[in-house]
Amino acid sequence: MSINDIFQYIDATHSSTALRESYNVFPIVEGTHVISLALSVGLVIWFDLRLAGWILRDQPVSAVFRPLRPFMLAGFGLTFVTGAMLFWAMALRCYGSPFFWAKMIMLVLAGVNVMVYHVTIDRRRTEWDETPFPPVQARIAGLVSLTLWVGIIAAGRLMAYFL
Amino acid sequence: MWDRLYPYFLWIENTRLGHGIRESKWAFTLAEVFHLLGLTLFLGTVLILALRLFGFVLQGKSVAGTARELMPWSIAGLTITVLTGTLLFTSEATKCWGNVAFRYKMLFLSLALLFQFAGLQRVARADEQRFHPLASKATALVTVFLWFGVAAAGRAIAFF
């Protein structure tokens, strides 16, 4: 079973057709997907910028990250669920969109970046939590995340434009 | 009142800039991409400042200090969003004129800008004792809802 078969199967499901053809649900899901960006990416930016040593240098990294975490997680939850619904409704068109694949690759890279950060430099955070400029590896993780999110938003917008 | 504005909308649409954006293959799309990026940056700063006023984040830093530090990012995000929004509008002004979502967006936008600069920024930068905490929080909440209203109405322009 190829990826194309899976996408075709999804596209042909009753729920996919219903979502695609609905007058109200689809626009609401799409609108929520876009607006929840402010809560997900809009907040993760500040953690990334702090890791990069660009802002809030007088605050410990953990003091920026920890209180923001529940809000970011709620935001990302909303963004991912609505995004998955949009994909479900448009599976075949996504398959043919280069922007969709670019977006998926960047999402995976963003996930890998988070994992690498947490299992390496973040393990020793107590040593650098309060330094204005975190170690190079942490700063790179922040900048990589920022760059990827800009790319993901751009690819997502372009994808919708050309579907 | 709105009817009398139509000639101006038509004029804007027929400027060289309006024509240029419509005829270019990428201008409109790129403006949309940056509109969304600017909006994400700007709304993020509004949310963080509101969360700080509520005492949920950055308790180690004063509200005024947080507002000051966010300011350049906030202004940058808002500037990008407004500039690209103006470009998008210029290319399809008459469509916007007849679009009910656009009218709501402009209404929310005026109120949101007012609350942002005369409300949220003011209570955030004032001495902590000057405004009642409840008044500050209410201002923050209204400002956040107005900005999300602007974003929702903006998204809805495409659906009408």
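The values are calculated or read from the model by the stated rules, or taken from the named source; none is laboratory data. Being a predicted model, the structure only gives us computed values, none of them experimental. Note that each Cβ is placed from the backbone with ideal geometry, even for glycine, and that neighbours are counted across all protein chains shown.
Being touching a helix residue (DSSP H, G or I) at 6+ places or on another chain (Cβ under 6 Å), β-branched (V, I, T) and at negative phi is a description that does not apply to A:I28.
Mind listing whichever residues of region B:123-141 are touching a helix residue (DSSP H, G or I) at 6+ places or on another chain (Cβ under 6 Å) and either within 11 Å of another protein chain (Cβ to nearest Cβ) or among the hydrophobic types (A, V, I, L, M, F, W, C) (or both)? Selection gives B:V123, B:A124, B:F131, B:A140.
For every residue, the table says whether it meets (1) in contact (Cβ under 8 Å) with a residue 40 or more places away in the chain; (2) more than 11 Å from chain A (Cβ to nearest Cβ).
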{"position": "B:F9", "(1), (2)": "yes, yes"}
{"position": "B:I12", "(1), (2)": "yes, yes"}
{"position": "B:H19", "(1), (2)": "no, yes"}
{"position": "B:L51", "(1), (2)": "no, no"}
{"position": "B:W73", "(1), (2)": "no, no"}
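Yes/no per residue for (1) of a type in the set (D, E); (2) touching a Leu at 6+ places or on another chain (Cβ under 8 Å); (3) more than 19 Å from B:F42 (Cβ to Cβ); (4) in a helix (DSSP H, G or I):
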position	(1), (2), (3), (4)
A:V41	no, no, no, yes
A:F47	no, yes, no, yes
A:A63	no, yes, yes, yes
A:W149	no, no, no, yes
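For region A:132-158, filtered to residues that are of a type in the set (A, V, I, L, M, F, W, C) and within 11 Å of another protein chain (Cβ to nearest Cβ), the residue that is nearest to A:R57 (Cα to Cα) is A:L146.
Only a single item in (1) in a helix (DSSP H, G or I); (2) among the aromatic types (F, W, Y); (3) surrounded by fewer than 20 Cβ atoms within 10 Å (Cβ to Cβ) is not met by A:F133, and it is number (1). Annotation note: of B:T79, B:T40, the sole residue that is β-branched (V, I, T) and surrounded by fewer than 21 Cβ atoms within 10 Å (Cβ to Cβ) is B:T79. Within region B:21-36, work out how many residues are assigned to a helix (DSSP H, G or I) and free of Cβ contacts under 8 Å to residues at least 40 places away in the same chain. Of the residues in that region, 5 qualify. If only residues of region A:63-110 that are surrounded by fewer than 16 Cβ atoms within 10 Å (Cβ to Cβ), out of contact with any helix residue (DSSP H, G or I) (no Cβ under 7 Å at 6 or more places or on another chain) and within 30 Å of B:G60 (Cβ to Cβ) are counted, the one that is farthest from the other protein chains (Cβ to nearest Cβ) is A:G77.
Could you tell me whether region B:86-98 includes any residue that is of a type in the set (A, V, I, L, M), touching a helix residue (DSSP H, G or I) at 6+ places or on another chain (Cβ under 6 Å), assigned to a helix (DSSP H, G or I) and without any contact (Cβ under 8 Å) to a residue 12 or more places away in the chain? The answer is no; no qualifying residue exists.
Just to be sure before I move on: is A:P27 farther than 24 Å from B:P72 by Cβ, within 9 Å of chain B (Cβ to nearest Cβ) and of a type outside the set (F, W, Y) in the structure I sent? Yes: the conditions hold for A:P27. A residue that is touching a residue at least 40 places away in the same chain (Cβ under 8 Å), within 11 Å of chain B (Cβ to nearest Cβ) and buried (at least 18 other Cβ atoms within 10 Å of the Cβ) can be found somewhere in region A:50-57.
Screening the candidates B:T40, B:T29 for the property of being at pLDDT 95 or above, farther than 26 Å from B:D127 by Cβ and facing chain A (nearest Cβ under 10 Å) yields one hit, B:T40.
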